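For reference, the structure is listed below as structure tokens.
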Amino acid sequence: MLIIHAADIHIGVENYSTIDPETGLSTRLLDFLKTFDEVVNYAINNKADLVLLCGDMYKNRNPTQTHQREFAKRISRLSLNNIPVVLVVGNHDVPHVLERASALEIFGTLYVPNIYIGDSIKTHLIKTSNGDIQIITLPWIRRSGFLSREDTRDLTPNQINETIQERLSHMIKSEAKKLDPSTPAILAGHVTVSGAKTSSEQLMTLGRDYLLLTSDIGLPEFDYIALGHIHKHQILNKNPHVVYSGSLERIDFGEENDIKGFCSINIDPKEEIGNRLIDFKFIETNARKFNTININIPDTDENPNETIISTIKKFDIKDSIIRVNIESPINLKPIIQENDIRMALKESQYIASISTVTNTKHNNRLGIKFMSNMGPNEYLKKYFESKNFDSNRIDTLMKYASELMEDEKE
């Protein structure tokens, strides 16, 4: 029984984008759709028995009609290929107002075949081409919908989180006890688990989000625990596997070094609990690359622009989203040419930023005092004087320099 586990699709993220001339859509929207297509194509080509999408289908709770259309296209492809899909409601899918519908409920309202909405803690018995499977869904829990005012009276935020954890843990265990042990079972949730690492390598600790312990969800009744919410792929536990698939596409530079993808799980329904997971793979997607290029210009550099460009050439920037951070001595900053840097980055997909920071700790190689409020002309004149040019030559050079600067402004 082949099961695909993916999460955090985040359709609607459009930072670092331009408009694609062929489709009229954001280039970043196309990035997110392409990696989602990789999941759909893999499931169809490999005749998957089930697809678990563990929350945050969209960037926000009110996706545009275009975003909903593009998501529905891909869900429809899975449905038409008789592949059941479980859609777990994530924190980005939950509406602010309790009575409002989430963007995922439309599939249940229209009775789209093979689609199961995980908007509550419940068990779904799903028939697949290779037998039945039990899926307990654990959606993102909104405090206001889970605890009454009386429950939270006089409690601190941390105490509220602890109360949610205790109740969720009890509910998961109660639901797990109802499972048929002769049928494979998976917990599919969108939740923060203690010990999970974010993309910045920081452990998730107590704060605004409630946390569950690995022991709260890694129960022996489950053959696999499929999680969403943390964008970094990681395996928190084995026997049973407790796994964050991670997001399919990089959101920003905080995820620059993450490997993005989804999970492929093979379960043998004929085996007993504890022995059913016979294969686990992480399938990497072709996510858009992010590259940060840090360049430090030394005091003695005769040609800082050449140093910057030669450093850029060492990176594989083709089709990447790029930011360049330059640390420069104060006396060299005025002669750094941003236009030349942009030309060197022309093969990139998008230039997020080119920033130059003055390092005042550098010693001035010219032996001259420079003031932070000096303009480019003053810097240039000081440079000519340090080379012992005669006054007539300096006047001539400054005249030409001023004309070039004026042309640049125009």
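The values are calculated or read from the model by the stated rules, or taken from the named source; none is laboratory data. Quantities reported herein were computed from a predicted structural model and do not represent experimental measurements. Every residue, glycine as well, gets a Cβ built from its backbone with ideal geometry; the counts of neighbours run over all protein chains shown.
Of a type outside the set (Val, Ile, Thr), in the same structural domain as GLY131 (by TED's automatic domain parsing) and either surrounded by 20 or more Cβ atoms within 10 Å (Cβ to Cβ) or without any contact (Cβ under 8 Å) to a residue 60 or more places away in the chain (or both), is that true of ASP268? When the stated conditions are applied, ASP268 does not pass them.
When you look at GLU302, is it under 30 Å from SER182 (Cα atoms), in a loop (DSSP other than H, G, I, E, B), of a type in the set (D, E, K, R) and over 26 Å from the mean Cα position of the chain (by Cα), yes or no? Here the answer is no, as GLU302 does not meet what is asked.
Name the residue, out of ILE44, ILE3, that is in a strand (DSSP E or B), aliphatic (A, V, I, L, M) and over 14 Å from GLY261 (Cβ atoms). So the residue among ILE44, ILE3 that is in a strand (DSSP E or B), aliphatic (A, V, I, L, M) and over 14 Å from GLY261 (Cβ atoms) is ILE3. For ASN275, the stated conditions do not hold, so it cannot be described as touching a residue at least 12 places away in the same chain (Cβ under 8 Å) and either within 30 Å of ALA176 (Cα to Cα) or not hydroxyl-bearing (Ser, Thr, Tyr) (or both). Examine the stretch 238-251 for a residue that is farther than 30 Å from SER174 by Cβ, of a type in the set (A, V, I, L, M, F, W, C), in contact (Cβ under 8 Å) with a residue 60 or more places away in the chain and surrounded by 14 or more Cβ atoms within 10 Å (Cβ to Cβ), and state whether such a residue exists. Yes, some residue in the stretch 238-251 is farther than 30 Å from SER174 by Cβ, of a type in the set (A, V, I, L, M, F, W, C), in contact (Cβ under 8 Å) with a residue 60 or more places away in the chain and surrounded by 14 or more Cβ atoms within 10 Å (Cβ to Cβ). Taking the criterion of being over 21 Å from LEU211 (Cβ atoms) and in contact with a Gly (Cβ under 9 Å, 6 or more places away or on another chain), the residues of the stretch 227-254 that qualify are ASN239, LEU248.
Listed by position, the helices (runs of 4 or more DSSP H) contained in the stretch 318-410 that have at least 2 residues being within 30 Å of GLU249 (Cα to Cα) and either at pLDDT 90 or above or not polar (S, T, N, Q) (or both) are 338-344.
Among the residues of the stretch 29-77, the ones that are touching a residue at least 60 places away in the same chain (Cβ under 8 Å) and basic (Lys, Arg) come to 2 in all. Of all the residues in the stretch 233-258, those that are farther than 14 Å from ALA6 by Cβ and assigned to a loop (DSSP other than H, G, I, E, B) number 9.
Against the conditions (1) more than 22 Å from the chain's Cα centre (by Cα); (2) closer than 19 Å to SER353 by Cβ, LEU277 satisfies every one except (2). Sort out which residues of the stretch 9-26 are surrounded by fewer than 17 Cβ atoms within 10 Å (Cβ to Cβ) and touching a residue at least 60 places away in the same chain (Cβ under 8 Å), and write them in order of number. Once the filter is applied, which keeps residues that are surrounded by fewer than 17 Cβ atoms within 10 Å (Cβ to Cβ) and touching a residue at least 60 places away in the same chain (Cβ under 8 Å), the stretch 9-26 yields ASN15, THR18.
Say whether the condition of being buried (at least 20 other Cβ atoms within 10 Å of the Cβ), in contact (Cβ under 8 Å) with a residue 40 or more places away in the chain and touching a His at 6+ places or on another chain (Cβ under 6 Å) is met by at least one residue in the stretch 208-227. The answer is yes; a qualifying residue exists. Answer with yes or no whether PRO329 is crowded, with 16+ Cβ neighbours inside 10 Å, closer than 20 Å to LEU380 by Cα and not aromatic (Phe, Trp, Tyr). Criteria met by PRO329. Within the stretch 297-322, being in contact with a Lys or Arg (Cβ under 7 Å, 6 or more places away or on another chain) and either buried (at least 18 other Cβ atoms within 10 Å of the Cβ) or in the same structural domain as ILE251 (by TED's automatic domain parsing) (or both) holds for SER320, ILE321. If the condition is being crowded, with 22+ Cβ neighbours inside 10 Å, under 28 Å from ASP132 (Cα atoms) and in contact (Cβ under 8 Å) with a residue 40 or more places away in the chain, then the stretch 252-265 contributes PHE262, CYS263, ILE265. Across the stretch 52-74, the number of residues qualifying as buried (at least 22 other Cβ atoms within 10 Å of the Cβ) and either assigned to a loop (DSSP other than H, G, I, E, B) or more than 20 Å from the chain's Cα centre (by Cα) (or both) comes to 4.
Please go through the stretch 283-299 and pick out each residue that is closer than 30 Å to GLY246 by Cα and part of a loop (DSSP other than H, G, I, E, B).
The initial filter retains those residues of the stretch 283-299 that are closer than 30 Å to GLY246 by Cα, namely 283-294.
THR285, ASN286, ALA287, ARG288, LYS289 - these are the residues of the stretch 283-299 that are closer than 30 Å to GLY246 by Cα and part of a loop (DSSP other than H, G, I, E, B).
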